[in-house]
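Below are the structure tokens for one structure; questions will follow.
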Amino acid sequence: MQEEEKNPLVQAAPKSELQQNDSDPNDPSPHPSAFTVSCFEWVDSLVMALVAVVILFTFLFRVVTVDGTSMLPNLESGDRIVVSSYFYQPEQGDVVVLKRTIGLTKPIVKRVIALPGQTVDIDYITGTVSVDGKELDESTYIENGITHEPMTSESLLQFPQTVPAGHIFVLGDNREVSEDSRFEAVGMVDERYILGKAELVLFPISRFGRIGS
């Protein structure tokens, strides 16, 4: 028999093309699509982001809901605020969140007026607050910058008062209704009861923004 002549017009497919078209139906290993790989990467990134958020809000920040009207007009009841607590040291003018302590039935939000060793004086006739003999300008956070005597029958401290070591003197911005360091039942607040500094209003969105000192 004569050997069949090869047709010069028929050429073998390139090796690379044969490899591309060659698929083994018995190959058990799946080949994920680009879409599947992209989904896995997206989920992985989302999980890592959630872990980071949990760590931040466990050790660095927390969200607290304002309860009451003692910080009007700057903070309203129901506002959700972000509080930073990592190595926080109080400064005059800061808005802080305090744990429930003796004299307080729930956590409260107040403004730091005086620090350890400072002397506070309140004159309800002139409506002024002084620290170490210097009158404070509070016009940026209380109405007309005037401090009114609280409307209460409870016992109030007599001024001037010197803040002891490890304590702070706090007031609410709504001075007529605020239960704060002016009350004998509350007095100077131990620094260990400070949860942290109120940094910003998170919700409602219409009130979103930083909380000023």
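The values are calculated or read from the model by the stated rules, or taken from the named source; none is laboratory data. Remember, predicted model here, so these are calculated numbers, not experimental data. A quick note on method: Cβ atoms are made from the backbone with ideal geometry, for glycine too, and the neighbour counts reach across all protein chains shown.
I need the full set of residues from region 186-213 which are among the charged types (D, E, K, R) and over 15 Å from P73 (Cα atoms), in order please.
Correct list: D190, E191, R192, K197, E199.
Please specify each residue of region 140-156 satisfying the condition of being at positive phi and surrounded by 10 or more Cβ atoms within 10 Å (Cβ to Cβ).
Correct list: G145 only.
Identify all residues within region 182-213 that are in contact with a Gly (Cβ under 7 Å, 6 or more places away or on another chain) and closer than 19 Å to Y88 by Cβ; write none if there are none.
Across region 182-213, the qualifying residues are D190, E191, L200, V201, S213.
Restricted to region 105-125, and to residues that are at pLDDT 95 or above and assigned to a loop (DSSP other than H, G, I, E, B), which residue is farthest from S70 (Cα to Cα)?
G117
What is the number of the single condition among (1) surrounded by fewer than 18 Cβ atoms within 10 Å (Cβ to Cβ); (2) on the phi > 0 side of the Ramachandran plot; (3) touching a residue at least 40 places away in the same chain (Cβ under 8 Å) that G187 does not meet?
(1)
If R175 satisfies every condition in (1) charged (D, E, K, R); (2) in a loop (DSSP other than H, G, I, E, B); (3) within 21 Å of K99 (Cβ to Cβ) but one, which is the exception?
Single failed check for R175: (3).
Within region 105-139, which residues are among the β-branched types (V, I, T), surrounded by 15 or more Cβ atoms within 10 Å (Cβ to Cβ) and within 30 Å of the chain's Cα centre (by Cα)?
I108, V109, V112, I113, V120, V129, V131
If you don't mind, another one. Consider region 62-77. How many of its residues are of a type outside the set (V, I, T) and touching a Ser or Thr at 6+ places or on another chain (Cβ under 7 Å)?
5
Conditions tested, residue by residue: (1) at pLDDT below 95; (2) farther than 14 Å from G172 by Cα.
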{"residue": "D79", "(1), (2)": "no, yes"}
{"residue": "D94", "(1), (2)": "no, no"}
{"residue": "G103", "(1), (2)": "yes, yes"}
{"residue": "V131", "(1), (2)": "no, yes"}
{"residue": "E135", "(1), (2)": "no, yes"}
{"residue": "P150", "(1), (2)": "yes, no"}
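Can I ask one more? Does at least one position in region 190-197 carry a residue that is touching a residue at least 40 places away in the same chain (Cβ under 8 Å), in a helix (DSSP H, G or I) and over 26 Å from K99 (Cβ atoms)?
No, region 190-197 contains no residue that is touching a residue at least 40 places away in the same chain (Cβ under 8 Å), in a helix (DSSP H, G or I) and over 26 Å from K99 (Cβ atoms).
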